[in-house]
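Participant: Structure in structure tokens, see below.
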Amino acid sequence: MRQQLLLEAAGGTRHVVPLAHLVRMQDAIEILGADPYPLLMRLGAVRTAELQPVVAGSLLREVERVTPRLGQLLVPTLTFLDGAGAPMGAFYGGPDETEIARTDDGVVSLTAEGIRIALRRFPPPVGFRSDPGVARGWYVCCFSSLAFGPEGAQGRRTPGMSGSGAPVALPGLPPLPPVTRWHQASVAGSPAVASAVFATTPAAEVFRDLLHAITAACQEALRLRQPLRAERA
């Protein structure tokens, strides 16, 4: 079960945010420079904390200052689409390579360059190569999109990987993570994903709901003149 952070001032609304999403935002802030945001960077670090209204006000000002800066930072994004091309949800990467799926013979991850796929397969699929730092027997390639159909998975390579632009068959591709592991979802259950497309998203949009929850909780603590309780659950 995922850990959550509960934010609540007595008499106010309980705001629930995924702790992992908060940590991801703190990682993004670290890139921008964390020193001006000490309260925001410590949020969720301990099991239970109570912020007096004056401190909640300081946290609110940190959120207000960091939000426009987050808009300048682009986050690698994998958007899942249905058969009609409608977005179903998204998986967000970080400043470094972010693993999406893994089996003994394959790894799918998200990087700033695109969807990185590593396969332990010989001969490797078209376009895959053994780069420096890649374990013996493994081959890698970077893709801008993936498609899933009755005949299996296919991918379109990024321009940096060259090639004709034709889809590449991807036998042995690890299955995509379930909806419960997506960072944002408009569907539930086990929907059929027709394609997954790489893009970048401003960090302020990625963390919009999280920033709103912290803002609303701080405002309630100030309005009610009650401590803001931050509790991991």
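Participant: Would you be so kind as to identify which of A203, G160, S144 lies farthest towards the positive end of the dipole of region 102-220, taking Lys and Arg as +1 and Asp and Glu as -1 on Cβ and the Cα centre as origin?
Facilitator: Checking the options against the dipole of region 102-220, the answer is G160.
Participant: For the chain, state the average projected area of the convex hull of the C-alpha atoms over all orientations, rounded to one decimal in nm².
Facilitator: 14.6 nm²
Participant: Same structure, new question: How do R61, R223 rank by accessible surface area computed with a 1.4 Å probe, from largest to smallest? Please list the in-between numbers first.
Facilitator: Details: R61 120, R223 160 Å².
Putting R61, R223 in descending order of accessible area: R223, R61.
Participant: Kirkwood-based Rg over Rh for region 33-91 (C-alpha set), two decimals?
Facilitator: 1.18
Participant: Distance from a point 7 Å along Cα→Cβ of R225 to each backbone N in region 31-62: keep the residues under 19 Å and list them by number.
Facilitator: Residues 51-58 qualify, since their backbone N sits under 19 Å from the label point.
Participant: Now, a different point. I'd like the carbon and sulfur percentage of the solvent accessible area for the chain, probe radius 1.4 Å, heavy atoms only, ligands and nucleic acids excluded.
Facilitator: 53 percent
Participant: Starting from the Cα-Cα distance between V23 and A199, subtract it from 0.36 nm times their residue separation and give me the gain in nm to one decimal.
Facilitator: 61.2 nm
Participant: Taking only protein heavy atoms and a 1.4 Å probe, what accessible area per residue, in Å², does region 20-121 have with all protein chains in place? Let's see the in-between values first.
Facilitator: On the way: 4810 Å² over 102 residues.
Value for region 20-121: 47 Å² per residue.
Participant: If the label point is 7 Å along Cα→Cβ of D96, which residues in region 199-221 have backbone nitrogen under 19 Å from it?
Facilitator: none
Participant: Sticking with this structure for a sec: Could you calculate the FRET efficiency of T13 with R65 from 1/(1 + (r/R0)^6), where r is the beta carbon distance between them and R0 is 22 Å, rounded to 0.05?
Facilitator: 0.40
The values are calculated or read from the model by the stated rules, or taken from the named source; none is laboratory data. Bear in mind that the values here come from a model prediction, so they are computed numbers and not experimental data. Positions of Cβ are backbone-derived with ideal geometry, glycine not excepted, and every protein chain shown enters the neighbour counts. Areas reflect the complete protein model, heavy atoms only, side chains present, ligands, DNA and RNA absent. Shrake-Rupley method; radii C 1.70, N 1.55, O 1.52, S 1.80 Å.
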